[in-house]
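The values are calculated or read from the model by the stated rules, or taken from the named source; none is laboratory data. Model, not experiment: these values are computed from the prediction. Every residue, glycine as well, gets a Cβ built from its backbone with ideal geometry; the counts of neighbours run over all protein chains shown. In case anyone asks, the SASA skips ligands and DNA or RNA and just uses the protein heavy atoms, side chains included. Shrake-Rupley method; radii C 1.70, N 1.55, O 1.52, S 1.80 Å.
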Amino acid sequence: MAILTKAQAYAYAQSAGFGGTSADIIVAIAYAESGLNTLATNTAGNSAGTDRGILQINSVYHAEVSDRWAFDPGGAFLAGYRISGNGTNFSPWSTFGSGAYKRYLTSANVPSVPATSQVAQATSNTYPRGQCTWWACERYKQLTGYYVPWKDNANGWGTKAAAFGWQVSSSPPKGIPSILVLQGGVQGAGGTYGHVAVVEKVNADGSVYASSQNWGLTPVARAQTSYWTFSPGAGVSFVWANGTGSTGGGLFGTLIGGDPAGSVLDQIHQTLVDNTGFLGIALAIDEAEQFTGYVNLATSAYDVAGIIRSVGVTVGDNMPPVLIRGGLIALGTLLLVALIVKMAMGPVTTFAPLAKAFI
């Protein structure tokens, strides 16, 4: 890997633990130090060792950081997080002390991935059911029509999203569905694999109300969807597909307030768009028979408007499965009854031709 994009650098920084202003500063330092070149080296003017990698970590002053880590962006930012006192002290970098990093803090000087309606996406959800990754992939598809195109544990989604051209940020976008990525041990996430959830609502205080599966539940109940509030900060990032600007809402969601809860009808339509022939019909029927469960859009037990919207969206999203499954059962029952009646009556023989011959 050589020169990173801004989005990729932010993803590595946030995965290492930087968040908010500290992520902005360390990425700006990386620009000033190496131009985001992960293989950069500098020995000129240094009497002590070699400055290595994207953060130019010195081989003498930080001999504990191996070349392998210094030249690997993930390892470099992890080392940088420790060197900076968990994102609180950037004085070890000369470009911070001189102020050279400041010119890279403005977005005008930072190259970015251009927004586009054509983004990388998968054709199906291949994550195992019951895992937080499966739910995040499936729910995001409901809201935007996009399956995530990468395969990785939850804690790697920020880095993979940047690599596939998706947007990555330390704060949630407003009016655009996004996926919350928690590093291991952050705000209750599993220490090994982290956690991902789908942002259902951005609260006024900047926190997010997100849906997920396999969160604090027993293995038997891990496929249940639960809703929790999380806050931006260290080890937290948000990813979303470039060009997605709709908040979803589906058929009933749009009618009752446009909340991000894509309806089953939207899923069926997208499935038929993505697939043709009998495969598309079969997949659409399978999609239509999936019950979404209760969608909680209320911010508290006293949020009457939120409760009303929750009931409306839940009824709207679960009505198609009820009608379709009920219709299929009724049709199957009628066919079965007709078959039984025909078998009971036996073959019917008409004697009309024989009678006509004797007239």
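The figures follow:
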| read-out | value |
| --- | --- |
| All positions within segment 84-123 that are at pLDDT 85 or above and crowded, with 17+ Cβ neighbours inside 10 Å | 84, 87, 90, 92, 93, 95, 96, 101 |
| First in segment 325-338 and on the phi < 0 side of the Ramachandran plot, second anywhere and outside any helix (DSSP H, G or I) and open to solvent by less than 80 Å² (accessible area, probe 1.4 Å), Cβ under 9 Å, 6 or more apart | 325/289; 328/289 |
| Some residue of segment 10-22 being open to solvent by 10 Å² or more (accessible area, probe 1.4 Å) and either more than 24 Å from residue 182 (Cα to Cα) or of a type in the set (D, E, K, R) (or both) | no |
| Residue tally, condition crowded, with 23+ Cβ neighbours inside 10 Å and either on the phi > 0 side of the Ramachandran plot or not in a loop (DSSP other than H, G, I, E, B) (or both), over segment 37-50 | 0 |
| Residue 102 vs. criteria out of contact with any Pro (no Cβ under 9 Å at 6 or more places or on another chain) and among the basic types (Lys, Arg) | yes |
| Subset of segment 72-83 (residues that are at pLDDT 90 or above and among the hydrophobic types (A, V, I, L, M, F, W, C)) | 76, 77, 79, 83 |
| Residue in segment 313-359 that is modelled with the highest pLDDT, counting only those that are part of a loop (DSSP other than H, G, I, E, B) and open to solvent by 50 Å² or more (accessible area, probe 1.4 Å) | 347 |
| Identity of the residue in segment 147-189, in contact with a Leu (Cβ under 9 Å, 6 or more places away or on another chain) and open to solvent by less than 50 Å² (accessible area, probe 1.4 Å), that ends up nearest to residue 129 (Cα to Cα) | 154 |
| Residues (out of contact with any helix residue (DSSP H, G or I) (no Cβ under 7 Å at 6 or more places or on another chain) and either part of a helix (DSSP H, G or I) or modelled with pLDDT of 85 or more (or both)) located in segment 7-24 | 21, 22, 24 |
